[in-house]
Amino acid sequence: MTENLQKALNGQITAELWSANLYLSMSFYLEKEGFSGMARWMRKQSAEETGHACAIAEYMAKREAEAKVDKVDVVPQGWGSPTEVFEHALEHERHVSRLIDELVHLASEEKDNATRDFLWGFVREQVEEEANFLNIVNLMKKAGESGILFMDAKLGERQS
Ligand SMILES: [Fe+2]
Ligand SMILES: [Fe+2]
């Protein structure tokens, strides 16, 4: 694997870990506000992001590339409402989708088909991520103030 691509994949590991911390920060905020179901949902989401970082590291090891845990920047904390939290998360996932697209472009430039193939999994995953968050944002808006506890209970059912 080229040096360039290794650097870019390590950059994505850092981005995934940043996402994990962002969702943990959101989870702490939701917990403090008393929405323990939503907080649980965000904790699971945080773990999923750590899983993405690990999946990239596993792939890199197979290709004899060196995966690194780099410095992860501070994440935002404190939001105005649970709806604001999920809107922010949706925006963030759209940003991550663009990062993955850039990685696919780079892998194409470097003529690394194996990495392109590996990244398609992430392209598909981002479609799901954006759809999940969009769905929750829409439901939260429909539920409104009076339906917020229902949404909390519903999201608290998340298993994995
Ligand atoms: Fe991710
Ligand atoms: Fe994500």
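The values are calculated or read from the model by the stated rules, or taken from the named source; none is laboratory data. Bear in mind that the values here come from a model prediction, so they are computed numbers and not experimental data. Heads up, the Cβs are rebuilt from the backbone with ideal geometry, glycines too, and the neighbour counts pull from every protein chain shown. Each accessible area value is taken on the protein alone, full model and side chains, heavy atoms only, with ligands, DNA and RNA left out. Shrake-Rupley method; radii C 1.70, N 1.55, O 1.52, S 1.80 Å.
Rank Ser81, Ser36, Ser97 by mean-square fluctuation in a GNM of the chain with C-alpha springs under 10 angstrom and give only the top-ranked residue.
Largest GNM mean-square fluctuation: Ser81.
The stretch 116-135 to the stretch 50-96: how many Å between their Cα centroids?
One Cα centre to the other: 13 Å.
For the stretch 1-92, place one equal point scatterer on every Cα, skip the solvent, and apply the Debye formula. What is log10 of I(q)/I(0) at q = 0.17 Å⁻¹?
Here the Debye-derived log intensity ratios amount to -0.71.
How much of the accessible area of the chain, probe 1.4 Å, is carbon plus sulfur, in whole percent?
C and S fraction of accessible area: 51 percent.
If I take R0 = 22 Å and measure r between the Cβ atoms of Arg124 and Glu157 in this structure, what FRET efficiency does the formula 1/(1 + (r/R0)^6) give, to the nearest 0.05?
In this case the efficiency is close to 0.35.
Could you name the aspartates and glutamates whose alpha carbon sits less than 19 Å from that of Lys68, not counting residues in the same chain fewer than 8 places away?
Reachable aspartates and glutamates: Glu3, Glu16, Glu48, Glu49, Glu58.
Connecting C-alpha atoms closer than 10 Å in a GNM of the chain, tell me which of Ala65, Ala53, Ala89 has the biggest fluctuation.
Maximum among the listed residues: Ala65.
Within the chain, which whole H helices from DSSP have a Cα span along their axis of at least 24 Å and a mean Kyte-Doolittle hydropathy of -0.5 or more, if any?
Counting only whole DSSP H runs, the qualifying helices are 3-32, 82-109, 113-143.
For the chain, report the accessible area per residue in Å² (1.4 Å probe, heavy atoms, rounded to an integer).
Averaged over the residues of the chain, the accessible area is 55 Å².
Going by average Cβ neighbours within 10 Å, how do the peptides 129-136, 152-159 rank, with the highest at the top?
The most tightly packed comes first, giving 129-136, 152-159.
Have a look at Phe35, Phe86, Phe118 and tell me which one the Gaussian network model of the chain (Cα, springs below 10 Å) gives the largest fluctuation.
Among Phe35, Phe86, Phe118, the largest GNM mean-square fluctuation belongs to Phe118.
Using only the Cα atoms of the stretch 3-155, what do you get for the radius of gyration and for Dmax, in Å?
Rg and Dmax of the stretch 3-155, Cα atoms, are 16.8, 54 Å.
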